[in-house]
Every structure is written in C-alpha cells, then in structure tokens.
Ligand SMILES: NC(=O)c1ccc[n+]([C@@H]2O[C@H](COP(=O)([O-])OP(=O)(O)OC[C@H]3O[C@@H](n4cnc5c(N)ncnc54)[C@H](OP(=O)(O)O)[C@@H]3O)[C@@H](O)[C@H]2O)c1
C-alpha cells in the first residue's frame, strides 16, 4: 500500500527519495505539464521576488494571464509583462481588501495563489522571544491570505470552479513539531503557519458550496532569501532552486480538486502532511 503521509524528518525524507530514486521528488520536470495553465487567469501574491516570482515566470512560460499582487513590483516581474500588476497591496493592511476590489480590472481569476509570507530572521527561543514579531508573522502569513481571499470573493473575482492555493509550510504542522523541533523554538513562524492552515481548512469548508477548491501546500525547501539563514543545510535537506519549487507548486495546483479541497500537501512528494 502506498504511503498517505510524507516523512516528517526532512533529511530522512530526502535521503529516502534518493534511495528509492523517486523521480517525482527528485525531478519535477518528469511529471510537470503546464498546459492546463494556458490562458488561465492566475493571481499571485508576493510575485515580485522569491518563490512568487518563479511561480510567475513559470506561469508566463505556460501562457497563463498573470495578475501580480505586490507591495512593489521588481524589474524581473515587470519583464514578464503580466496582464495586471496590482501594486500597493500590503496584506497586513486592512484596506487591502478594498484596494484589491478597486484595482483588479480584468474580471474573475481561475486561480488565486496566496504566496506572500514572512519568516522573522533570528531564531526565537524563550530567551529571545519577540511577541511583536510573532503578531507580525501571524498577520502576514495567516490573516493576510484570508484578507486577500476575502477581497477576491467579495468582489466576485473567484467563481464556481476557481481554485485558491494557500502556500503555508510544513512548519505549520503541529504533529511534525515532535520531530522537527526537538527543542522547540521558532514560535512566531510556526504559530503563524499553523493558524494559516486552520484558516485554509475553514475556508475550504465554507467554499464547498460554491465549488471553489482550496489547496494547502508546503512548497518544499527552496533556496530563497527567506531560507538563506539555513544555507549550510540546503544540500543535506534537499533544498531546490525556486524554479523547481514553482513547478512543484503548480503541479499540485493542477491536481487540486473538490475531492482534495482542504488537504495539506507536501509539494516535494505529493503526500499529505498531518495537521
Ligand atoms: N522558501 C522556502 O523554503 C519555504 C518553505 C516553506 C514555506 N515557504 C512559504 O513560501 C512563500 C514564499 O516564500 P519565499 O521563500 O519566496 O519568501 P521570500 O523570498 O522572503 O519572499 C516573500 C514574499 O512575500 C512578500 N511579502 C512579505 N510581507 C508582505 C506583506 N506584508 N504584504 C505583501 N507581501 C508581502 C514579499 O514582498 P516584499 O518584496 O514586498 O517584501 C515577497 O514577495 C511564503 O509564504 C513562505 O512562508 C517557503
């Protein structure tokens, strides 16, 4: 019987994939086919850099119509010539709901990818605990995607058959803390992603009636500015270039349906992560 759940220990997961020569895990191009994205209107938050920028590049390559939702664009994003760049959207800002309603001009989207996120740089322990930063992470990573999703729903920019992708993190799995955090730490980030998972499941439940599927995705370990602090473990733990991470995310986005709505998926191997 094939496994339902992904392996919590990241080095063991990666070593196992190599041992089994798991091409789905080790080479996403062996399964990725972006043809389903052609002419689809796809909104991406945090599209200006990191994983969001790479997702945007892969979308552009696939012939999707990109709606980039950003605080501020970047030359790399401008170069993709998105259908729309909706700038000035800080997901912490209550008014972003109204701004999105006014600024998104081209009608409903097929897919909304809530990618914007934030991981406070120093490691948080009881000694270094930073409550202000904890609230900031919860605001950006958990309330932020809900603000954006609500804005799209209120403005009828998501309709029956549309999909919402919530990029959360394996860090949001409470069950996996027993393996991944033997000494605790990183309170704010992991609390924010657990809250994001909760918001996503509740949203998935509420949107069943509207037939809008909600995917909860751990994008894998990606070599971005966010994880530069873990540079020394990138190779042992199977961190990938964000282009690969982007294809992993879009592959799972393609598989998302009303049957899988509300599930928490590891984009590395396509298996579930326990909440
Ligand atoms: N990289 C990984 O290995 C990894 C693993 C698990 C989960 N994730 C998740 O994947 C997503 C992308 O991560 P990343 O590695 O690409 O991070 P990153 O390189 O730090 O990029 C973060 C993105 O989020 C945007 N953002 C941050 N705060 C914002 C705010 N208040 N309002 C609007 N946009 C905001 C940033 O825009 P600005 O340029 O304006 O700051 C940037 O576009 C995040 O949700 C992250 O938690 C990443």
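The values are calculated or read from the model by the stated rules, or taken from the named source; none is laboratory data. Just so we're clear, the structure is a prediction, and the values are computed from it rather than from any experiment. Reconstructed Cβ throughout: ideal geometry from the backbone, glycine too, with neighbour counts over all protein chains shown.
Considering the stretch 145-179, and only residues there that are within 12 Å of the ligand (Cβ to nearest atom) and over 14 Å from the mean Cα position of the chain (by Cα), the residue that is surrounded by the fewest Cβ atoms within 10 Å (Cβ to Cβ) turns out to be 147. Is there a residue in the stretch 222-232 that is in contact with a helix residue (DSSP H, G or I) (Cβ under 6 Å, 6 or more places away or on another chain) and closer than 13 Å to residue 267 by Cβ? So far as the stretch 222-232 goes, yes, one or more of its residues are in contact with a helix residue (DSSP H, G or I) (Cβ under 6 Å, 6 or more places away or on another chain) and closer than 13 Å to residue 267 by Cβ.
Of all residues in the stretch 122-144, those satisfying the criterion of being surrounded by 14 or more Cβ atoms within 10 Å (Cβ to Cβ) and more than 10 Å from the ligand (Cβ to nearest atom) are 124, 130, 133, 134, 135, 138, 142, 143.
Taking the conditions exactly as written (in contact with a helix residue (DSSP H, G or I) (Cβ under 9 Å, 6 or more places away or on another chain), part of a loop (DSSP other than H, G, I, E, B) and within 19 Å of residue 274 (Cβ to Cβ)), does residue 174 satisfy them or not? Judged against the criteria, residue 174 is a match. Taking each residue of the stretch 182-196 that is within 11 Å of residue 139 (Cα to Cα) and in a helix (DSSP H, G or I) and looking for partners that are within 12 Å of the ligand (Cβ to nearest atom) and at pLDDT below 95 with beta-carbon atoms closer than 6 Å, six or more apart or interchain, yields nothing. Once the stretch 94-104 is narrowed to residues that are at pLDDT below 95 and outside any helix (DSSP H, G or I), the residue that is nearest to residue 217 (Cα to Cα) is 94. Under the condition of being assigned to a helix (DSSP H, G or I) and either within 12 Å of the ligand (Cβ to nearest atom) or in contact with a helix residue (DSSP H, G or I) (Cβ under 8 Å, 6 or more places away or on another chain) (or both), the residues counted in the stretch 63-93 number 2. Quick check on my filter: what residues within the stretch 105-121 are away from the ligand (no atom under 15 Å from the Cβ) and part of a loop (DSSP other than H, G, I, E, B)? Answer for the stretch 105-121, where residues must be away from the ligand (no atom under 15 Å from the Cβ) and part of a loop (DSSP other than H, G, I, E, B): 105, 106, 107, 108, 109, 110.
Within the stretch 38-62, the set of residues being away from the ligand (no atom under 15 Å from the Cβ), in contact with a helix residue (DSSP H, G or I) (Cβ under 6 Å, 6 or more places away or on another chain) and assigned to a loop (DSSP other than H, G, I, E, B) comprises just one member, 62. Just one of the listed residues (217, 250) is part of a helix (DSSP H, G or I), within 14 Å of the ligand (Cβ to nearest atom) and within 15 Å of residue 52 (Cα to Cα), namely 250.
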